[in-house]
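To start, the structure itself, in C-alpha coordinates.
The values are calculated or read from the model by the stated rules, or taken from the named source; none is laboratory data. What you are looking at is a predicted structure, and each value in this text was computed from that prediction instead of being measured. Glycine also receives a Cβ, built like all others from the backbone with ideal geometry; neighbour counts cover every protein chain displayed. When the accessible area is computed, the model is the full protein with side chains, heavy atoms only, and any ligands, DNA or RNA have been set aside. Shrake-Rupley method; radii C 1.70, N 1.55, O 1.52, S 1.80 Å.
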Amino acid sequence: LLRTLSDNNEEDVMYPIWKNGKIVGGEDAVYSVYSSPLMFGDTAFSMMRTYNKKIFDLDDHIDRTLTTCNILEVDIPYTKAELAAAHQDLLDLCIKMHPDVEEWRLLHNMDRGILPMYRDMLGDEGKSNVIITCFPLKYVLKGKSHLYTEGIHAVVSSQRAIPQDLLDAKLKTRSRQHYQMANLEVARQYPEAWALMLTPDGYVSEFTGANIFTIKDGKVYTPKGTHCLRGITRQAVIEMINAIEKDLTLYDLHTADGIFATCTPFGVVPVSRLSGCYYDPLRISRIMGLWVEEVKTDYVKQAIRWDI
(Lines give C-alpha, C1' and ligand atoms only; values in the text may rest on other atoms or scores of the structure.)
Protein backbone atom coordinates (compact mmCIF):
# COMPACT_ATOMS: atom_id res chain seq x y z
CA LEU A 1 0.00 0.00 0.00
CA LEU A 2 2.87 2.38 0.71
CA ARG A 3 3.90 4.13 -2.50
CA THR A 4 6.22 7.00 -3.28
CA LEU A 5 5.02 10.55 -2.71
CA SER A 6 3.02 11.73 -5.71
CA ASP A 7 4.26 15.02 -7.15
CA ASN A 8 6.44 15.56 -4.07
CA ASN A 9 9.80 14.59 -2.73
CA GLU A 10 9.85 13.17 0.78
CA GLU A 11 11.88 16.16 1.95
CA ASP A 12 9.17 18.59 0.76
CA VAL A 13 6.42 17.09 2.95
CA MET A 14 6.77 17.70 6.68
CA TYR A 15 4.06 15.26 7.79
CA PRO A 16 2.98 12.95 4.94
CA ILE A 17 -0.61 11.75 4.58
CA TRP A 18 -1.93 8.39 3.36
CA LYS A 19 -4.81 8.85 0.90
CA ASN A 20 -6.38 5.93 -0.95
CA GLY A 21 -3.17 3.92 -1.08
CA LYS A 22 -0.77 6.76 -1.85
CA ILE A 23 1.42 8.97 0.30
CA VAL A 24 0.71 12.64 -0.44
CA GLY A 25 1.23 16.09 1.00
CA GLY A 26 -1.44 18.02 2.85
CA GLU A 27 -2.38 20.05 -0.24
CA ASP A 28 -3.51 16.81 -1.92
CA ALA A 29 -5.52 15.42 1.01
CA VAL A 30 -8.59 17.56 0.41
CA TYR A 31 -12.36 17.15 0.13
CA SER A 32 -14.48 18.32 -2.77
CA VAL A 33 -17.29 20.82 -2.22
CA TYR A 34 -19.47 18.20 -3.97
CA SER A 35 -18.65 15.45 -1.50
CA SER A 36 -21.01 13.64 0.82
CA PRO A 37 -18.89 14.29 3.95
CA LEU A 38 -19.09 18.04 3.37
CA MET A 39 -22.84 17.97 2.66
CA PHE A 40 -23.92 15.52 5.37
CA GLY A 41 -21.01 15.02 7.79
CA ASP A 42 -21.34 11.26 7.20
CA THR A 43 -17.65 10.58 7.66
CA ALA A 44 -16.53 7.80 9.98
CA PHE A 45 -13.37 8.71 11.83
CA SER A 46 -11.13 7.87 14.73
CA MET A 47 -8.14 9.53 16.39
CA MET A 48 -5.27 7.56 17.87
CA ARG A 49 -2.04 8.20 19.70
CA THR A 50 1.18 6.35 20.28
CA TYR A 51 2.74 5.32 23.57
CA ASN A 52 6.46 4.65 23.16
CA LYS A 53 5.89 5.25 19.43
CA LYS A 54 3.46 2.32 19.21
CA ILE A 55 -0.18 2.93 18.23
CA PHE A 56 -2.46 2.28 21.19
CA ASP A 57 -5.29 -0.21 20.50
CA LEU A 58 -5.14 0.27 16.72
CA ASP A 59 -7.29 -2.81 16.08
CA ASP A 60 -10.11 -1.48 18.28
CA HIS A 61 -10.03 1.91 16.54
CA ILE A 62 -10.23 0.30 13.10
CA ASP A 63 -12.98 -2.10 14.20
CA ARG A 64 -15.12 0.78 15.48
CA THR A 65 -14.64 2.77 12.28
CA LEU A 66 -15.41 -0.18 10.01
CA THR A 67 -18.56 -0.90 12.03
CA THR A 68 -19.58 2.73 11.62
CA CYS A 69 -18.89 2.56 7.87
CA ASN A 70 -20.98 -0.60 7.58
CA ILE A 71 -23.96 1.03 9.31
CA LEU A 72 -23.53 4.22 7.23
CA GLU A 73 -23.35 2.04 4.09
CA VAL A 74 -19.91 3.38 3.18
CA ASP A 75 -18.01 0.79 1.14
CA ILE A 76 -14.33 0.66 2.17
CA PRO A 77 -12.15 -1.13 -0.42
CA TYR A 78 -9.51 -2.22 2.11
CA THR A 79 -9.40 -5.05 4.59
CA LYS A 80 -8.78 -4.49 8.27
CA ALA A 81 -5.27 -5.93 7.82
CA GLU A 82 -4.55 -3.56 4.94
CA LEU A 83 -5.76 -0.57 6.95
CA ALA A 84 -3.64 -1.58 9.94
CA ALA A 85 -0.61 -1.90 7.65
CA ALA A 86 -1.31 1.52 6.15
CA HIS A 87 -1.37 3.14 9.61
CA GLN A 88 1.87 1.44 10.59
CA ASP A 89 3.57 2.26 7.28
CA LEU A 90 2.65 5.93 7.64
CA LEU A 91 3.85 6.01 11.24
CA ASP A 92 7.12 4.32 10.27
CA LEU A 93 7.67 6.91 7.55
CA CYS A 94 7.00 9.80 9.94
CA ILE A 95 9.36 8.32 12.54
CA LYS A 96 12.01 7.94 9.85
CA MET A 97 11.58 11.56 8.76
CA HIS A 98 11.36 12.94 12.32
CA PRO A 99 13.20 10.57 14.69
CA ASP A 100 13.26 13.16 17.50
CA VAL A 101 9.46 13.31 17.82
CA GLU A 102 8.53 11.55 21.06
CA GLU A 103 4.92 10.52 20.36
CA TRP A 104 2.54 10.70 17.42
CA ARG A 105 -1.12 11.42 16.81
CA LEU A 106 -2.88 9.52 14.02
CA LEU A 107 -6.28 10.31 12.52
CA HIS A 108 -8.27 8.48 9.88
CA ASN A 109 -11.36 9.64 7.98
CA MET A 110 -13.45 7.31 5.82
CA ASP A 111 -16.29 8.55 3.62
CA ARG A 112 -18.46 7.69 0.59
CA GLY A 113 -16.94 10.33 -1.71
CA ILE A 114 -18.71 12.51 -4.28
CA LEU A 115 -22.50 12.62 -4.09
CA PRO A 116 -24.19 10.68 -6.93
CA MET A 117 -25.89 13.79 -8.40
CA TYR A 118 -22.51 15.36 -9.14
CA ARG A 119 -20.56 12.34 -10.39
CA ASP A 120 -21.41 12.69 -14.08
CA MET A 121 -20.60 16.39 -13.99
CA LEU A 122 -17.20 15.71 -12.43
CA GLY A 123 -16.48 12.46 -14.23
CA ASP A 124 -16.16 10.80 -10.86
CA GLU A 125 -16.49 7.04 -10.39
CA GLY A 126 -18.08 7.37 -6.97
CA LYS A 127 -15.29 5.80 -4.97
CA SER A 128 -15.02 6.17 -1.23
CA ASN A 129 -12.07 7.86 0.45
CA VAL A 130 -9.74 6.70 3.19
CA ILE A 131 -7.37 9.37 4.51
CA ILE A 132 -4.88 8.79 7.34
CA THR A 133 -2.82 11.58 8.88
CA CYS A 134 0.07 11.45 11.33
CA PHE A 135 1.58 14.37 13.23
CA PRO A 136 3.32 15.05 16.58
CA LEU A 137 1.07 14.58 19.60
CA LYS A 138 2.71 17.52 21.36
CA TYR A 139 0.73 19.94 19.18
CA VAL A 140 -2.50 18.60 20.72
CA LEU A 141 -1.33 18.67 24.35
CA LYS A 142 1.07 21.61 24.41
CA GLY A 143 0.18 24.07 27.18
CA LYS A 144 -2.17 21.64 28.92
CA SER A 145 0.06 19.65 31.28
CA HIS A 146 -1.30 21.63 34.24
CA LEU A 147 -4.60 19.75 33.90
CA TYR A 148 -2.96 16.61 35.29
CA THR A 149 -2.17 18.37 38.58
CA GLU A 150 -4.82 21.11 38.72
CA GLY A 151 -7.64 19.16 37.12
CA ILE A 152 -10.30 20.03 34.56
CA HIS A 153 -12.94 22.68 35.15
CA ALA A 154 -16.14 21.02 33.88
CA VAL A 155 -19.26 23.01 32.99
CA VAL A 156 -22.61 21.47 32.09
CA SER A 157 -23.93 22.91 28.83
CA SER A 158 -27.60 23.58 28.04
CA GLN A 159 -26.96 21.79 24.74
CA ARG A 160 -28.01 18.18 25.28
CA ALA A 161 -26.62 15.05 23.74
CA ILE A 162 -28.65 13.76 20.81
CA PRO A 163 -30.84 10.73 21.69
CA GLN A 164 -29.43 7.46 20.42
CA ASP A 165 -32.54 6.78 18.33
CA LEU A 166 -31.79 9.97 16.36
CA LEU A 167 -27.99 9.84 16.20
CA ASP A 168 -26.34 6.84 17.81
CA ALA A 169 -23.37 7.99 19.92
CA LYS A 170 -21.70 4.61 19.40
CA LEU A 171 -21.02 5.63 15.81
CA LYS A 172 -18.05 7.98 15.63
CA THR A 173 -18.90 10.35 12.80
CA ARG A 174 -18.33 13.96 11.82
CA SER A 175 -22.00 14.80 12.52
CA ARG A 176 -21.04 16.76 15.63
CA GLN A 177 -22.68 20.17 15.49
CA HIS A 178 -24.16 19.62 18.96
CA TYR A 179 -20.64 19.14 20.36
CA GLN A 180 -19.54 22.43 18.87
CA MET A 181 -22.55 24.33 20.17
CA ALA A 182 -21.84 23.01 23.67
CA ASN A 183 -18.20 24.06 23.34
CA LEU A 184 -19.09 27.55 22.18
CA GLU A 185 -21.62 28.06 24.97
CA VAL A 186 -19.22 26.99 27.71
CA ALA A 187 -16.26 28.88 26.24
CA ARG A 188 -18.18 32.16 26.43
CA GLN A 189 -18.34 31.76 30.22
CA TYR A 190 -15.11 29.91 30.96
CA PRO A 191 -12.63 29.76 28.04
CA GLU A 192 -10.59 26.91 29.54
CA ALA A 193 -13.51 24.77 30.76
CA TRP A 194 -14.60 21.46 29.24
CA ALA A 195 -18.23 21.18 28.16
CA LEU A 196 -20.18 18.31 29.72
CA MET A 197 -23.45 17.21 28.12
CA LEU A 198 -26.51 15.52 29.57
CA THR A 199 -29.00 13.34 27.74
CA PRO A 200 -32.46 14.85 27.03
CA ASP A 201 -33.81 13.02 30.10
CA GLY A 202 -31.09 14.38 32.38
CA TYR A 203 -28.57 11.55 32.61
CA VAL A 204 -24.86 12.29 32.34
CA SER A 205 -23.61 11.68 28.80
CA GLU A 206 -20.02 12.77 28.07
CA PHE A 207 -17.66 15.64 27.54
CA THR A 208 -17.52 16.86 23.95
CA GLY A 209 -14.24 15.05 23.47
CA ALA A 210 -13.89 12.69 26.41
CA ASN A 211 -15.71 10.20 28.62
CA ILE A 212 -16.42 10.78 32.30
CA PHE A 213 -15.98 8.58 35.40
CA THR A 214 -16.90 9.08 39.06
CA ILE A 215 -15.50 7.58 42.25
CA LYS A 216 -17.81 6.92 45.20
CA ASP A 217 -17.00 4.84 48.30
CA GLY A 218 -14.09 3.15 46.54
CA LYS A 219 -16.08 2.15 43.44
CA VAL A 220 -15.75 3.67 39.98
CA TYR A 221 -18.74 4.40 37.75
CA THR A 222 -19.21 5.64 34.19
CA PRO A 223 -22.35 6.33 32.09
CA LYS A 224 -23.83 3.44 30.16
CA GLY A 225 -22.64 3.02 26.59
CA THR A 226 -26.11 3.98 25.34
CA HIS A 227 -25.52 7.54 26.58
CA CYS A 228 -22.07 8.24 25.14
CA LEU A 229 -19.40 7.33 22.65
CA ARG A 230 -17.79 4.07 23.69
CA GLY A 231 -14.29 5.49 23.80
CA ILE A 232 -11.32 3.21 23.30
CA THR A 233 -9.52 4.60 26.37
CA ARG A 234 -12.82 4.43 28.29
CA GLN A 235 -13.12 0.71 27.61
CA ALA A 236 -9.50 0.05 28.53
CA VAL A 237 -9.98 1.86 31.87
CA ILE A 238 -13.25 0.00 32.56
CA GLU A 239 -11.40 -3.29 32.16
CA MET A 240 -8.34 -2.08 34.09
CA ILE A 241 -10.23 -1.09 37.27
CA ASN A 242 -13.54 -2.99 36.88
CA ALA A 243 -15.55 0.21 36.55
CA ILE A 244 -19.34 -0.09 36.63
CA GLU A 245 -21.56 1.24 33.84
CA LYS A 246 -24.78 2.80 35.15
CA ASP A 247 -27.15 5.73 34.70
CA LEU A 248 -25.58 8.75 36.40
CA THR A 249 -27.23 12.07 37.24
CA LEU A 250 -25.75 15.39 38.28
CA TYR A 251 -26.51 14.39 41.89
CA ASP A 252 -24.08 11.48 41.48
CA LEU A 253 -21.43 13.88 40.22
CA HIS A 254 -22.04 16.45 42.96
CA THR A 255 -21.74 13.81 45.69
CA ALA A 256 -18.79 11.93 44.16
CA ASP A 257 -15.48 11.54 45.97
CA GLY A 258 -13.64 12.17 42.72
CA ILE A 259 -14.21 12.60 38.99
CA PHE A 260 -11.94 12.01 36.03
CA ALA A 261 -12.05 12.05 32.26
CA THR A 262 -10.57 9.67 29.70
CA CYS A 263 -9.72 10.32 26.08
CA THR A 264 -7.11 9.19 23.62
CA PRO A 265 -4.67 12.15 23.68
CA PHE A 266 -4.88 12.88 27.43
CA GLY A 267 -5.23 9.34 28.76
CA VAL A 268 -6.62 9.73 32.30
CA VAL A 269 -6.99 13.28 33.67
CA PRO A 270 -8.70 14.47 36.89
CA VAL A 271 -11.69 16.82 37.14
CA SER A 272 -11.32 19.36 39.95
CA ARG A 273 -14.41 21.56 39.56
CA LEU A 274 -18.02 21.09 38.46
CA SER A 275 -20.96 23.45 39.12
CA GLY A 276 -19.54 24.89 42.32
CA CYS A 277 -18.31 21.52 43.59
CA TYR A 278 -14.60 20.93 44.04
CA TYR A 279 -12.70 17.63 43.95
CA ASP A 280 -9.16 16.84 44.99
CA PRO A 281 -7.16 15.87 41.85
CA LEU A 282 -4.92 13.72 44.06
CA ARG A 283 -7.79 11.26 44.48
CA ILE A 284 -7.16 10.24 40.89
CA SER A 285 -3.43 9.64 41.38
CA ARG A 286 -3.79 5.88 41.88
CA ILE A 287 -5.81 5.45 38.70
CA MET A 288 -3.38 7.64 36.76
CA GLY A 289 -0.56 5.48 38.09
CA LEU A 290 -2.35 2.35 36.91
CA TRP A 291 -2.71 3.92 33.48
CA VAL A 292 1.03 4.63 33.38
CA GLU A 293 1.60 0.93 34.07
CA GLU A 294 -1.00 -0.05 31.47
CA VAL A 295 0.57 1.95 28.65
CA LYS A 296 4.15 1.60 29.96
CA THR A 297 4.65 5.34 29.51
CA ASP A 298 4.72 8.25 31.95
CA TYR A 299 2.33 10.29 29.83
CA VAL A 300 2.16 13.12 32.39
CA LYS A 301 5.92 13.75 32.30
CA GLN A 302 5.72 13.71 28.52
CA ALA A 303 3.08 16.44 28.55
CA ILE A 304 5.19 18.51 30.93
CA ARG A 305 8.19 18.23 28.59
CA TRP A 306 6.08 19.37 25.64
CA ASP A 307 5.07 22.54 27.51
CA ILE A 308 8.69 23.72 27.67
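Give me a count of the residues in segment 258-308 that are among the aliphatic types (A, V, I, L, M) and open to solvent by 60 Å² or more (accessible area, probe 1.4 Å).
Of the residues in segment 258-308, 3 are among the aliphatic types (A, V, I, L, M) and open to solvent by 60 Å² or more (accessible area, probe 1.4 Å).
I'd like the full set of residues that are of a type in the set (S, T, N, Q) and part of a loop (DSSP other than H, G, I, E, B), limited to segment 160-177.
GLN164, SER175 - these are the residues of segment 160-177 that are of a type in the set (S, T, N, Q) and part of a loop (DSSP other than H, G, I, E, B).
Kindly indicate the residue of segment 155-167 that is free of Cβ contacts under 8 Å to residues at least 60 places away in the same chain and not aliphatic (A, V, I, L, M) and also most open to solvent (accessible area, probe 1.4 Å) among those meeting that condition. It would help to see each step written out before you state the result.
Of the residues in segment 155-167, the ones free of Cβ contacts under 8 Å to residues at least 60 places away in the same chain are 157-160, 162-163, 165-167.
Of the ones still in play, those that are also not aliphatic (A, V, I, L, M) are 157-160, 163, 165.
Numbers: SER157: 5, SER158: 88, GLN159: 56, ARG160: 89, PRO163: 46, ASP165: 127 Å².
Top of the filtered list is ASP165.
So, THR233, is that one in contact with a Phe, Trp or Tyr (Cβ under 6 Å, 6 or more places away or on another chain), closer than 22 Å to MET288 by Cα and either at pLDDT below 95 or open to solvent by less than 50 Å² (accessible area, probe 1.4 Å) (or both) or not?
It is false that THR233 is in contact with a Phe, Trp or Tyr (Cβ under 6 Å, 6 or more places away or on another chain), closer than 22 Å to MET288 by Cα and either at pLDDT below 95 or open to solvent by less than 50 Å² (accessible area, probe 1.4 Å) (or both).
Suppose we filter segment 134-153 for residues that are among the hydroxyl-bearing types (Ser, Thr, Tyr), open to solvent by 50 Å² or more (accessible area, probe 1.4 Å) and in a loop (DSSP other than H, G, I, E, B); how many remain?
0
Among the residues in segment 187-201, are any touching a Lys or Arg at 6+ places or on another chain (Cβ under 8 Å), more than 24 Å from ALA243 (Cβ to Cβ) and either open to solvent by less than 20 Å² (accessible area, probe 1.4 Å) or not in a loop (DSSP other than H, G, I, E, B) (or both)?
No, every residue in segment 187-201 fails to be touching a Lys or Arg at 6+ places or on another chain (Cβ under 8 Å), more than 24 Å from ALA243 (Cβ to Cβ) and either open to solvent by less than 20 Å² (accessible area, probe 1.4 Å) or not in a loop (DSSP other than H, G, I, E, B) (or both).
Under the condition of being acidic (Asp, Glu) and buried (at least 17 other Cβ atoms within 10 Å of the Cβ), which residue from segment 103-133 is nearest to ARG64 (Cα to Cα)?
ASP111
Within the set of pairs 6+ apart or on separate chains, which have a first residue in segment 122-141 that is closer than 20 Å to ILE23 by Cβ, a second that is part of a loop (DSSP other than H, G, I, E, B) and aromatic (Phe, Trp, Tyr), and C-beta atoms under 6 Å apart?
Between residues of segment 122-141 that are closer than 20 Å to ILE23 by Cβ and residues that are part of a loop (DSSP other than H, G, I, E, B) and aromatic (Phe, Trp, Tyr), the close pairs are PHE135/TYR15.
Cβ contacts < 6 Å: first residue in contact (Cβ under 8 Å) with a residue 60 or more places away in the chain and within 15 Å of CYS134 (Cα to Cα), restricted to segment 20-34; second residue open to solvent by 40 Å² or more (accessible area, probe 1.4 Å) and in a strand (DSSP E or B), any location; separation 6+ or different chain. Result?
The qualifying pairs are ALA29/LYS19.
Looking at (1) in contact with a Lys or Arg (Cβ under 9 Å, 6 or more places away or on another chain); (2) closer than 26 Å to ALA187 by Cβ, which is the only condition ARG234 fails?
Status for ARG234: all satisfied but (1).
Quick test for you: out of THR67, THR43, pick the one residue that is out of contact with any strand residue (DSSP E or B) (no Cβ under 6 Å at 6 or more places or on another chain) and among the hydroxyl-bearing types (Ser, Thr, Tyr).
Details: THR43 fails: out of contact with any strand residue (DSSP E or B) (no Cβ under 6 Å at 6 or more places or on another chain).
None of the other options fit; the residue is THR67.
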